[in-house]
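Presented below is the structure to which this report refers.
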Amino acid sequence: MTIHRAQRLIRICRTLVPFLALVLSACVFDISGLPASSEADALVDATLGDGGGVDAVGDAAPGDPDPPLGVSIREQPGLNPVQTVNAATVTAVEVVVTLGPTSRSFHQVYLRVEGGGDVVEPAPLVAPQGAGIVVFEVDLFSFSDGPLILVAVVESAGAVRSPEVSHNARKDTAISLQVDPVVTPVPVDSTWQQVSGLSEPAAELVVGNGTLGATAVAVADAQGYFEAVIPLGPGSNQLDFQATDAAWNQAHHFVDRFTGALVVEVVDGGGVVAYTEESATRLANTVASVGCTDSAAASFALVRAPDLVAGDVAPDLYINCVNQLYLNDGHGFFTALLSTGLVGDRGAVWGDFDNDGDQDVALVRYASTELRLYRNELIPNGSVSFTRTAGLIPYNPGGPEGVAWLDYDRDGWLDLFLNDGGRNELLAGGGPGQPFTAVGNGVGVNTLDDTLHNGSWIVVSDFDANGEVDVAVADDVGPGFLLANAGAVFDDVTTTASAGFVNPGKRAMTFGDFDNDGRFDLFVSQGAVTPTANALLRFDAQSGLFTDVAVAAGVDLPLAYDGAAWGDLDLDGRLDLVVYTLPGVDRIALTIFLNRGDLDADSIPDFETYTTEHVLVNPTGFSPDSALVADVDNDGDLDLFIASRNGNHLLFINPLNSSMAAGRFQNPRYLKVLLFGNGVDCNRTALGSLVVLRDCASQTILAAREVNGGRGNGGQDSPVLHFGGLLPSRCVQVEARFAGGVHVVRQVRPIELTNQTLLVFQP
């Protein structure tokens, strides 16, 4: 509008009918100096009579174009949520620029999109006359996923630009979906399968069973973890998974990491563990094929410092009768460590008796009736070597065999329990350089009515989980009995706790929590008992009594020999049992009692029996004395070692977690836990400590394990505690109850841990 036109309009207004003067104050005149062109003069403003306007910004140049009111990515239902570019679902995203009432059709709207170092500037678009929007179609296919910045600006015909308006958005075209492998096969009574995995936070998961046409729905939590339960039908069940995140990205998972679809096979007798005997390749010629003079036992220990960063906690192996230490390469292949200087021929148990951070060893010799202590020089020397600690053990047993470490008085120093042929003895440790002191007579160890005889075996366990380590003893001639630790004093509770058993063949004993109640039950192979039957003494915490449930549980037969071991062999969350028998002079039979839970609703877990025979390479004089389970190849399942007096030691590998077991990948549903005591309240090897595993949400006890100080005729289980039956992505609570009373609680997901191994250090 020119000044001349404004003056003429004022004169017209003053000559109108007087009542029009009332609206004179409503007349607003734009004299901001728009370009004096015919196009500008021809504009009609819907708000103002002459197309003028007030500069909304109030800057130094009235009449400059005002900035846009906003810029954003338009939501397209089912394709793109607001403020998100998803090039996987739409070819071009729509970016909307909103303009105010001062917008003019001779203005140009510019857009710039920035992200990840890339920039795109589509051709400008004409602004609407007055309030409205401008829609840009932008192809951001070449942009990487991540944050975006949307920038819009308005330019007048005179090339004057408004201030920029920006807004944050995001390009998101990817979704991750990780499904925990599914166990196959499962027992015939299974009607559902619990599954888990990892996706985007808040993603919606649909799990389908293509065989049944059934589905289950889950939502990933804030960390992206999800769980679902899907129904199962008879035979094969093919599962698929679909995840949809907040950006409407979708991911499918229906093929496992090897071959074939995710299939759950419901079969009779599912989950059978078919051990393969691999002594020749894994022990090779490192184990001397020489006979042992009296008995054969073995022990697992972390003799070297484990690789905690890599999660390599595969234990080393010591075979007692040949005085030989075999170092594990981390994958279950062993090499003899020569010239260790260790001398013994019966029991050997490992524990850090000087609390310097490495594992030392106590050895007993039958031939010379000696008890020897060897200090591991790994700390401070950095390499495995041993020094005999002369003078610390002035005690010479009469016919030593069973031996075990425990801290009976909870002073942080390991003590040694020993059966020396005619009696039990307890040797109290007093710290570095201090001699061990025989204290058995003063603490109730040698006050039993039934005198023990040569060859009796022992096992230590905190069976009632009260923080005090107890001892069970097996006798050659009479009944076995149980010594309960009642605060650094032992009580014979064989009768009062109904813990009596007969074991005249000095057979195996082992404690394990087979009913998952957080307490430990005792399995005994009862040798020449008539009628021949194994015993399973189940401990009831409320009554404080043991009950023999071997027949009801189905583990009474076949009769076990000198070796037996507990372990979750099929990774279903229930503790199984493995024993061996000798059906012929050239064979050994492995019997696996698989724990199936309480199938008949009598409150006692039921076991299914599976027996396989293996032909002996060197059968002459074959006489096994022990059985131990441990994850020797570090793959998450439990392997088996059997030591024999003729030197034909057997190593059986569990194939459950091999890459192509049974034609498909088996689910690595496990957690390994390694405890480290502080050396003050608890010995550094944490012997006598236990771990209770719970579900994070419900706090239900899932399992309990303890760090064993010795069992049998001087053998020892691995210090690495093993738990099976866990969804790798599911939260579990690990309660480490260190000997000495300190508890440490951690909540973890196995899949987040290196090699699914948790290290717990006592503060």
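The values are calculated or read from the model by the stated rules, or taken from the named source; none is laboratory data. Everything quoted here is computed from the prediction, not taken from an experiment. Note that we place each Cβ from the backbone using ideal geometry, even for glycine, and neighbour counts take in every protein chain shown. Please note that ligands, DNA and RNA were not included when accessible areas were found on the heavy atoms of the full protein model with its side chains. Shrake-Rupley method; radii C 1.70, N 1.55, O 1.52, S 1.80 Å.
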* Provide the per-residue ³J(HN,Hα) series for the stretch 553-562, in order, calculated from phi with Karplus coefficients 6.51, -1.76, 1.60 and θ = phi - 60°, each as a whole number of Hz, with x at glycine and proline positions. => 7, x, 10, 6, 9, x, 5, 7, 8, 6
* Using a simple charge model, +1 on the beta-carbon of Lys and Arg, -1 on the beta-carbon of Asp and Glu, nothing else, what dipole does the chain show about its Cα centre, in debye to the nearest 20? -> 1480
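Relative contact order of the stretch 70-194, please, whole-number percent, based on alpha carbon pairs below 8 angstrom and at least 6 residues apart.
27
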* Asked: Near the amide H of Ser385, under 5 Å away, which other amide H atoms are found, from residues 5 or more places off or on another chain, if H is placed in the peptide plane?
  -> Glu377, Leu378
* **Built amide H within the under 5 Å cut-off of Phe481, gap 5+** => Val473
* Asked: Using a 1.4 angstrom probe with every protein chain in place, what is the largest-first accessible-area order of Phe520, Phe106?
  -> Phe106, Phe520
* Structure fact -> If the label point sits 7 Å along Cα→Cβ of Ala310, residues of the stretch 363-407 with amide N under 18 Å come out as 383-384
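Using r as the Cβ-Cβ distance of Leu212 and Val272, and R0 as 22 Å, what FRET efficiency do you calculate, to the nearest 0.05?
Between Leu212 and Val272 the formula returns 0.30.
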* Asked: When only alpha-carbon atoms count, how far does the chain stretch along each of its three principal axes, as whole angstroms with the largest first?
  -> 135, 59, 52
* Asked: Can you give the percent of C-alpha pairs in the stretch 125-281 whose distance is more than 29 Å?
  -> 47
* Asked: To the nearest 10 degrees, how steep is helix 3-14 against the longest Cα principal axis of the chain, on a 0 to 90 scale?
  -> 70
* Between Asn168 and Asp329, what FRET efficiency comes out of the Förster formula 1/(1 + (r/R0)^6) with R0 = 60 Å and r the beta carbon distance, rounded to 0.05? -> 0.70
* Heavy-atom accessible area of Glu613 with all protein chains present, probe 1.4 Å, nearest 10 Å²? -> 100
* Distance from a point 7 Å along Cα→Cβ of Ala246 to each backbone N in the stretch 185-212: keep the residues under 20 Å and list them by number. => 198-206
* Asked: Using a 1.4 Å probe, how large is the accessible area of His331, given in Å² and rounded to the nearest 10?
  -> 120
* Mean separation of Cα contacts under 8 Å, 6 or more apart, over the residue count of the chain: relative contact order % -> 10
* Given a 1.4 Å probe and the protein chains all in place, what does the accessible area of Arg104 round to, in Å² to the nearest 10? -> 20
* What net charge do the residues around Ala218 carry, taking every other residue with its C-beta under 9 Å from that of Ala218, with Lys and Arg at +1 and Asp and Glu at -1? -> -2
* **Distance in nm between pseudo-label sites at Ile133 and Val615 (7 Å out along the Cβ direction from Cα)** => 8.0
* To do: Extending each Cα 7 Å along its Cβ direction at Ser603 and Asp491, get the distance between those two points in nm, one decimal.
  => 2.3
